[in-house]
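Every number here is computed from the coordinates shown, using simple stated rules; none is lab data. Given the structure is predicted, the values throughout are model-derived calculations rather than measurements. Here the Cβ is made from the backbone with ideal geometry for all residues, glycine too, and neighbour counts use every protein chain on show.
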Amino acid sequence: MKSINTYYSDAVALHSFIQSNDINNSPSLLIQVFTAKNDKIFIEELLDTLTHVLPEAVIIGSTTDGEIMNGKVSTHQTVLSFTQFENTTLQTHMETHQQDGFFSGKLLAKALIKKDTKLIIAFADGLHTNGDAFLDGIHSVNSEIMVAGGLAGDNGIFVQTYVFTKEGIVPYGAVAVALNSTHLNVYNDYSMNWHRIGKELTITKVKNNRVYTIDNRTAVDTYIHYLGKEMAEGLPATGIEFPLISIRNGVMVARAVLSKYDDGSLGFAGNLKVGDKVKFGYGDPIEILKYSDDILSHVKEKPSEAIFVYSCVSRRNFMSDLIDMEILPLQSVAPTAGFFTYGEFFTSGKKVLLNQSMTIVSLSESDNLPKPNMGLLAKERKLKTTSTNALIHLVNTTSHEVMEQEALKQAQSTFEILFEKSPDGIVLVENDSFIECNQKILDIFGYTNKESFLNATPLQIFPKRQPDGSHSFTKLKKMKKTVLKSGNNEFELLLKRQNGETFWTDIILTSTVLNGRDIIYLVCRDITQRKEMELELARQKNILYYQANHDALTGLPNRVLSMKELKIGLKEATKHKKKLVLMFLDLDGFKRINDSLGHDVGDKVIHIIGERLKRSIRKEDMVARLGGDEFLVMMKDINDDKDILVEARRILQIVDEPISIKNHTLYTSVSIGISRYPLDAVSADNLLKYADTAMYKAKEEGGNNFQFYSTEMTDIAYEHVMMEKDLREGIKNEHFEVYYQPQINIQSEKVIGLEALVRWNHPTVGILSPDIFLPMVEKTGLIIDLDLWVMRTAMKEVCQWYNQGLNPGVLALNTSMKQLEYPDLQHKIEENLRACDFQAQWLELEITETEVMKKPDEVISILKRLHELGISIAIDDFGTGYSSLSHLKRLPIDKLKIDKSFIADIPNNEDAVAIVNTMIALSESLRLNLIAEGVENKAQRDFLFANGCHNVQGYYYSKPLSAEEMKKMLIAQA
């Protein structure tokens, strides 16, 4: 390998330099760029130039606060270092900080480190990177990897730094190159040689590398105090010359200032911790130059073909023109290049972010030792005076503080300062008499005259009794006895001010000897405000506890408290071998009250029912509101089921009593489920669950009754739960299919319409008819989702048939009252019409006569709006709902559908024949279309055709067909 360095001036000179030095374009060529030109455009142009001339070369670079080229130090230059490897492969990586330095270091290491990686050279931006965290991130991936490099600089401006590779420029992140080889010799070393001077300080508030206070002074104030205002005003630039130095694991670690904040805190190049002991650092040029000879001798003992130096800018600033004397001798061993950093990376058994140091890394692919061609000796030069003056100020201030501390120790040992300056009231007591006090105790007790306080009688100081009922003097005697025995005692006591007002105090008694006299040292602090706050907090806590455990509307225990009480009740029942009964109550038809009269009326109903239940139960029992219209009654010590029956009937009776609210007389009823301990369950959760299950059984029986739990109920409930689970998954995963039953014109024998019917293609059971699952769909509220899916799917398929030239006729969709009450129904229909490009006249909504009669006025209003869209309306199961002719005339309907129950008995049943003929005549008089469903044989078909009903639907023509089968039928008739 070979290494050669040069200054960059322009592209022409660079091209000439590359040719004259036989620098070959190769992926094993490493170019390090160290530039003082902190200009992104310049860096981009330089990268373009290098990439154009040497497209295969690997490039890594950083902005600087000084450059090193062939051992010589420069500023405001750009240094290019070319290293041509023979047996080493190179790989670069760039990371923009996404979280913090640790995360970037970890990602970078994961991307670069391989089995044969010998060294990582890394540069990170100097103002936003926590160098400690960055190195921790790298070593979290590989704790043995050697890392060299440092934090970028910006000529001491502390505004913006850059690091870069061919892939881009990073203002907030890091770049690195991995050197992978089995033939590469790597040696690294560092020089510190700074003295820890002045007073030892303690870091008192810090977050990572941002220090807020040092010895409880702000970080900036600490620099002002010890280094002077002029030096502190120049921070962060000046702070790099006076770092904070600590000792970590025997290694002297410096932390230089990189940023200053408005709150007086300072950002350092690496982490510090609360409790770290630090001193200011000051460099000794002579010692530094002496140690550079040691480094030189170490380097000479190692194979070396290239040396890279990453040195702290403070050394360049501090040593001035002596800095060449530290670095230049390395050039005698091998070509030397590098830059001055805001923090240096050094790893050799320990991972350390250094400041104020010079780090070197020596590389060689040969095992031959170097042959030095020159030697340089350190020369003493005159140093800058600014740092010296600051050092004098530091030493003088520190010495002054030492004297002040000694004086303070003497002053603090005197009784006067301890006594008079105390923030607490102090009284000296001898033989139960006050002999001395400070001003604070007079302020606390409201005395203006010291003698009056010292001569006050016990009755003037102490109330007769304490709040706990104890006699004040009795309590004091106990306290005195304790303090004389143990030496001290602390307690709270109620005392009296001079004006008679009582107040709370915190008293500390200490037995001591003062000038040969046995004294009790009494320290008193007024804690009245704290006690009042404690009482208020206790009151608020009680309120919050009540609110957390009680229902806001009824004041009854809520679910949380009721379960606690149930568990306590079960423990007592178990202990005393008693029975316990749980009743789960759910009001019948409560939703109807809420929907029709509003929630305010509903809330009053709940409140009234809660009051009735509360008055009806025994003192030892509990009634709770679980939420909504659900209540819970727990009855203890029930002897037999007869007592349970009495209580359950009484609850049914009191709930059944009329309720008068806002000129409305309301009638309510309740469904009650009953579970028993220990017969049905022994745990609170199961007892509640079984009572709930029994309540649902009462609902199924029509409400206004009670049911005892039985094991059969659990089996049914389990089946319901599993079916509901399967239904939800089926709708989500579209396990349903739309089947179509054709509607036929008898005369033409052609399809004139299709009724859409849903089937459940259960993944394990297979095809299920609606009779099996629709009741559960309606009960769980899934009917809306399922109906909308059927509408969307059927529209899509029928529209496709129309587009294919087929004629499926009108699409008839069954519509329930729940769907009509769905607020968004019209919007969903219009949305599906647009999405499927489905014409409104192709759609017919079928609603049963029974559904219409539930809420005729509401249904008429909704159907009119849908009819105005061009959608046909049909009355399904006509003849079963007892609708009046007046309602029929008001309905916006287009078609009547004769229920199959009437068709089944024609033509042999005279009553059925009469009814069907009446319906045919009625449709003609109202000018409505007519269709008969349930036509299963030829006799029925012929009768209908002969009597004027020409459109039919039923198994005589076709059973419900899958979409594929329906399409085949349409194709056959086309």
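General remarks:
- Segment 44-157, Rg to Rh (Cα coordinates; Rh as Kirkwood inverse mean 1/r): 0.97
- Residue order, fewest to most surrounding Cβ atoms within 10 angstrom, among Met776, Met533, Met795: Met533, Met776, Met795
- The fraction of Cα-Cα pairs per 20 angstrom bin, counted from 0 for the chain, comes to 10, 20, 16, 24, 22, 7, 0 percent, rounded to whole percents.
- In straight-distance terms, cross-link reach from Lys614 covers every one of the lysines whose alpha-carbon lies under 19 Å from its own, apart from those fewer than eight places away in the same chain; here that gives Lys564, Lys604, Lys636.
- Rounded tilt (10° steps) of 131-141 against the dominant C-alpha axis of the chain: 60
- With respect to the chain, whose longest principal axis is taken over its alpha-carbon atoms, helix 641-656 is tilted by about 80°.
- Listed pairs Lys750/Lys938; Lys796/Lys900; Lys699/Lys779; Lys450/Lys475 exceeding 19 Å between Cα atoms: Lys796/Lys900; Lys450/Lys475
- Normalised Debye scattering of segment 194-283 at q = 0.13 Å⁻¹ gives log10 I(q)/I(0) of -0.34, counting only Cα atoms as equal scatterers and leaving out solvent.
- Computed over segment 810-909, the quotient of the alpha carbon radius of gyration and 2.2 N^0.38 Å is 1.14.
- Ranked for footprinting exposure by Cβ neighbours inside 10 Å, fewest first, Thr850, Thr129, Thr165, Thr764 give Thr764, Thr850, Thr165, Thr129.
- With neighbour counts taken as other beta-carbon atoms within 10 Å, the residues His15, His128, His52 rank, fewest first, as His52, His15, His128.
- Local electrostatic count, Gly627, Cβ distance below 15 Å [Lys/Arg +1, Asp/Glu -1]: -3
- Near Asp876, the amide H atoms lying under 5 Å from its own belong to Ile847, Thr848, Glu849; only residues 5 or more places off or on other chains count, and H is placed 1.01 Å from N.
- The chain - charge dipole about Cα centre, Lys and Arg +1 at Cβ, Asp and Glu -1, debye rounded to 20: 3100
- Leading residue at positive end of dipole, segment 416-528 (Cβ point charges), from Leu484, Ser452, Leu428: Leu484
- Signed unit charges on C-beta, dipole axis of the chain, positive-most listed residue Ala624, Gln743, Ala691: Ala624
- Helix content alone sets the calculated 222 nm mean residue ellipticity of the chain: runs of n ≥ 4 DSSP H residues at -39500 (n - 2.57) each, divided across all residues, give -12500 deg cm²/dmol.
- For segment 725-973, the spread of Cα coordinates along the three principal axes comes to 49, 43, 35 Å, biggest extent given first.
- Out-of-range pairs (alpha-carbon distance over 19 Å; input Lys818/Lys897; Lys591/Lys818; Lys579/Lys642; Lys205/Lys260; Lys478/Lys531): Lys818/Lys897; Lys478/Lys531
- Take the Kirkwood radius over Cα pairs of segment 550-709, plug it into Stokes-Einstein at 25 °C and 0.890 mPa s, and you get 156 µm²/s for translational diffusion.
- Approximating the spin labels as points 7 Å out from Cα along Cα→Cβ, the Ile41-to-His471 distance works out to 9.6 nm.
- The simple Förster model, with R0 at 41 Å and r as the Cβ-Cβ distance, assigns Leu553 and Gln98 a FRET efficiency of 0.25.
- Between helix 559-576 and the chain: long-axis angle, C-alpha atoms, 0 to 90°, nearest 10: 80
- The calculated FRET efficiency for Ser769 paired with Gln973, based on their beta-carbon distance and R0 = 30 Å, is about 0.70.
- Residues of type lysines that Lys40 reaches as a straight line, Cα spacing below 24 Å, ignoring anything fewer than 8 places off in the same chain: Lys166
- Dipole of the chain, positive end: most advanced residue of Leu585, Thr850, Val211 [Cβ charges, Cα centre]: Val211
- Those aspartates and glutamates that a straight Cα-Cα span of less than 17 Å connects to Lys578, excepting residues fewer than 8 apart in one chain: Glu565, Glu620, Asp621, Asp637, Asp640, Asp641, Asp643, Asp680
- Rounded to the nearest 20 debye, the dipole magnitude of segment 882-974 is 360 debye, with +1 charges on Lys and Arg beta carbons, -1 on Asp and Glu beta carbons, and the Cα centre as origin.
- Net charge over other residues, Cβ less than 10 angstrom from the Cβ of Glu200 (K, R count +1; D, E count -1): +3
- Local electrostatic count at His15 - Lys and Arg +1, Asp and Glu -1, tallied over other residues with Cβ under 14 Å: -3
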